[in-house]
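Data first, discussion second: the structure below is written as structure tokens.
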Amino acid sequence: MEQQVETTLVLQNKEEENNKRREVFHEKKLAEYEKDIRNGEAELQHRGYSNSITHDSVVQQWRELQQLQRQVSSLQSQLESYSLPPDMGAVRLEVERCRLHLSAIVSDMAVQQGHGF
């Protein structure tokens, strides 16, 4: 029985030593990882990283871009519905063409009213 107790104590001591070695190992690893994190953060900062460059912010900017593209598309459609050309000389010509067309319509109406239509 006494030998069994001694064996148990020896095993417990070995287990405690192993636990202490593991604890020291983990503490060293923790310090190493913390140092790596600090170095990584310093490198990111040196290269111009900011918190605005995160996945969430990029996704948000993408959504905003899509919204703006939809607005531009809608406005482009509206712009295309207007028949005026982009330069002023062409605009003046188009306005004059429309005036002549309107004048012809008015003349036709006057002729039709004169004939009793």
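The values are calculated or read from the model by the stated rules, or taken from the named source; none is laboratory data. This structure is a prediction, so every number in the text was calculated from the model and none was measured. Cβ: placed from backbone, ideal geometry, glycine included. Neighbour counts: every protein chain shown. Accessible surface is based on the protein model in full, side chains and every heavy atom, while ligands, DNA and RNA are left aside. Shrake-Rupley method; radii C 1.70, N 1.55, O 1.52, S 1.80 Å.
Things to note:
- Proportion of all alpha-carbon pairs of region 1-94 beyond 21 Å (%): 72
- Taking label points 7 Å from Cα along the Cα-to-Cβ direction, Leu65 and Val24 give a separation of 5.4 nm.
- The residues packed around Met88, meaning those with a beta-carbon under 13 Å from its beta-carbon, carry a net charge of -2 if Lys and Arg are +1 and Asp and Glu are -1.
- Its DSSP H runs of at least 4 residues, each contributing -39,500 (n - 2.57), put the calculated 222 nm mean residue ellipticity of the chain at -31000 deg cm²/dmol, to the nearest 500.
- Degrees, to the nearest 10: 55-81 long Cα axis against longest axis of the chain: 10
- Accessible area expressed per residue, region 1-75, with surrounding protein chains retained (probe 1.4 Å, Å²): 97
- Between region 48-96 and region 1-36, the C-alpha centres lie 67 angstrom from each other.
- Between 0 and 90 degrees, the angle of helix 88-114 with respect to the longest Cα principal axis of the chain falls at about 50 degrees.
- Nitroxide proxy distance, nm - points 7 Å out along Cα→Cβ at Ser57 and Tyr33: 2.6
- The angle separating the long axis of helix 2-46 from the principal Cα axis of greatest extent in the chain is about 30 degrees.
- Carbon plus sulfur fraction of accessible area for region 39-117, probe 1.4 Å, in percent: 58
- Charge tally for Val24 (other residues, Cβ to Cβ under 13 Å; Lys, Arg +1; Asp, Glu -1): 0.
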